[in-house]
1. What ranking do 285-291, 98-104 get when scored by the average of other Cβ atoms within 10 Å per residue, highest first?
2. With θ set to phi - 60°, apply the Karplus curve 6.51 cos²θ - 1.76 cosθ + 1.60 along region 102-108 and write out the HN-Hα couplings as whole Hz, x wherever there is a Gly or Pro.
3. Quick one: helix 13-24 against the long Cα principal axis of the chain, what's the angle to the nearest 10°, folded into 0 to 90?
4. Based solely on C-alpha atoms, express the radius of gyration and the Dmax of region 275-374 in angstrom.
5. Relative contact order of region 275-374, please, whole-number percent, based on alpha carbon pairs below 8 angstrom and at least 6 residues apart.
6. Under 23 Å from the Cα of Lys359, which lysines turn up, not counting those fewer than eight places away in the same chain?
7. Please report how far the C-alpha centroid of region 216-264 lies from that of region 1-72, rounded to the nearest whole angstrom.
8. Please work out the C-alpha center-to-center distance from region 268-299 to region 162-190 and express it in whole Å.
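None of the figures in this text is laboratory data; all of them are computed from the coordinates on show. Here the structure is a predicted model, which is why all the values come from computation and not from measurement. Note that each Cβ is placed from the backbone with ideal geometry, even for glycine, and that neighbours are counted across all protein chains shown.
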Amino acid sequence: MSRSLLAVSAADSSTVLGALRDALAGGPAILPGSPRTAVPKTVEQRVAVVIETSGSTGFPKRVALSADALLASAAASESSLGGPGQWLLALPTHYIAGINVLVRSIAAGLEPVYLGAGHFDAAAFAAATRTMDARLRFTALVPAQLARLVEAANNDLDLLAIVRRFDRILVGGQAIPPALLARAIELGLNVTRTYGSSETSGGCVYDGVPIGTAEARIIEGQVELSGPMLAEGYLGDPAATDAAFSVHDGARWYRTGDTGEIDDGALRVTGRVDGVIISGGEKVSLDAIERVVRAIDGLADAVAVRSPSVEWGEVPVVFTSGIATLAEVKVTVIAALGRASAPVALVRVESVPQLANGKPDRVALTAFAATRGERPGSGQ
């Protein structure tokens, strides 16, 4: 059996909410946003929502999610957060984190508050927060949004008091810089780090611990996740579905592509499986380089990417809007990771290019790094 699939503009969040409510109740499935290619007229009956991934690694996919998966995710989140509450939507609804806010609102039976589209503004966030009247109040942000709130709250006690009213601020989409997390906690913000993806109906691990009946394990160094919130697969791409999802001992698992480790029941993500290059015959982790460089004062937005090298095969290149010398960065990286991990170039940019969801545009940066020798002034 099948049902129709509708592309729904993400410009009006209330319209997406109505279409999503219908989809969860068995009506037409929805694909929120502006699809980059033609949308199929129908999908399998089990599919309620299709999310087109950001393509941060260069290969966007369409993730097919059932109503059962989305509602299981909402139930697990509600249990972890202490009950149903009112949500402030500060994220685009064509990403899973934005859809999750709406699904949780539907499950809670409470109308969400909409921040509105456009550039994230701390004052507008505070104004929207003032309209919330439920006993429990939640929101979901990406690290860049949290950073703007923290920066504004440093000099505005009224804004700080308003942001403190949230019972939980979920932050995900990418790793939170340790200094930002520490400052947010110091300010008394109730921040929870989330981990998940469109393939897991969004965050299913809170502060390293799987929520609800979700499970995490490490297989050959790679993080795998299981639970009722897993997607059906990739729309129209059975090969990619088979590569990412598998069944073991009666349970279905999603291979995340992330590396990690589990210590005393807590998951720690350490990088990407594809974030490893071979430089001069040695394995070099771009994620590890990023962590070390971002810990340097003023370089919290640093991104490490690969660049081809005739002599070494591939070499790391670091982009940042911060100010430092290549020599300074090399000394720090070599001390922490060894000489093979030392970046060959430190490229200063006005701002690190980002995708709409706040993640660095690694595809664009990798393409830039590949031509750095042809661009005068590209390195230090």
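1. Details: 285-291: 21.4, 98-104: 26.9.
The peptides rank, most packed first, as 98-104, 285-291.
2. The phi angles translate into 5, 4, 5, 5, 4, 5, 7 Hz.
3. 70 degrees
4. Taking only Cα atoms of region 275-374, I get Rg and Dmax of 12.5, 36 Å.
5. About 26 percent, as a whole number.
6. Qualifying lysines at Cα under 23 Å: Lys61.
7. 21 Å
8. 24 Å
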